[in-house]
1. Taking all protein chains in place and a 1.4 Å probe, what share, in percent, of the accessible surface of region 8-48 do carbon and sulfur account for?
2. Measure off 7 Å from each Cα along the Cα-to-Cβ vector at L44 and V67, then give the distance between these two points in nanometres to one decimal.
3. Among residues other than L77 whose Cβ falls under 13 Å from its Cβ, what is the net charge (Lys/Arg +1, Asp/Glu -1)?
4. Given a 1.4 Å probe, how much area per residue of region 30-104 is accessible, in Å²?
5. For an R0 of 45 angstrom, estimate the FRET efficiency from the Cβ-Cβ distance between W100 and H128 and round to the nearest 0.05.
6. So if R0 is 45 Å, what FRET efficiency would V116 and Y8 give, r being the distance between their Cβ atoms, rounded to the nearest 0.05?
7. FRET efficiency for L83 and T59, Cβ-Cβ distance as r, R0 = 30 Å, nearest 0.05?
8. At what distance in nm do the modelled label points of L27 and V52 sit from each other, each positioned 7 Å from its Cα along Cα→Cβ?
Amino acid sequence: MRRSIGGYRGTLYDITTLALRLGVGLLFTRHAWRSIGGGPVDPLTVERLSAVGVPAPETVATVLPHVQLACATAFVLGLLTPLSGTILAALGAGVLWLAWIAEPPLSPATAPAFLVLAVTACLLPAVHTGRLAVDHLAFSRPSSPRHRIAARRSPRTPPPSPKRPEEAPALPYPEEQAAVGRPSQT
């Protein structure tokens, strides 16, 4: 069976989206895991959050890595990808904003070019996850031409009418103008 160019393009998009989700999701997972497993909250992070005016900066600095880990895991799996990708993009944009306004620069892993790339990479699969995601497998209906043809051929025929032709309503035109026989099937 020969595949069309559009089929190859769709498959290439699905593979690219999967690779992008895996790369970015694992990167965010690694960063979150490092933040969670590093012991107490980094005092520099708390200081920067309080300087920006975030209420309860210690609590926020403790909770954000857990949110980041949950969203990154969902993003890798393709589960609730639009939501998790948007949250990861917002977290990355927040770190980018903090990196630009911070007086002592943040770590080299949070370079502005890297963060812009990560935010963009989060938003692309969030718009369209591709077919290799839990979202697509769980929540989409089959849309291939083969499925549409099978749906049209399904045995969903209406039940036969109990009315006989003699009980049909009157015709909207006079009887003498009515066709006597059936029209030709040619």
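1. Working: 1930 of 2700 Å².
Carbon and sulfur together cover 72 percent of it.
2. Spacing of the two 7 Å Cα→Cβ label points: 2.2 nm.
3. Numbers: positive: R21; negative: D135.
Residues near L77 contribute 0 overall.
4. Working: 4340 Å² over 75 residues.
That works out to 58 Å² for each residue.
5. Calculated value: 0.90.
6. Details: r = 30 Å, r/R0 = 0.67.
Step by step, r from the Cβ atoms, then E = 0.90.
7. Values: r = 22 Å, r/R0 = 0.75.
For L83 and T59, the calculated efficiency is 0.85.
8. Rounded to a tenth, the inter-label distance reads 1.9 nm.
The values are calculated or read from the model by the stated rules, or taken from the named source; none is laboratory data. Keep in mind that what you see is a predicted model, and the values were worked out from it rather than measured. As a convention, Cβ positions derive from the backbone with ideal geometry for all residues, glycine included, and neighbour counts pool all protein chains shown. These accessible areas exclude ligands, DNA and RNA; they are computed on the full protein's heavy atoms, side chains included. Shrake-Rupley method; radii C 1.70, N 1.55, O 1.52, S 1.80 Å.
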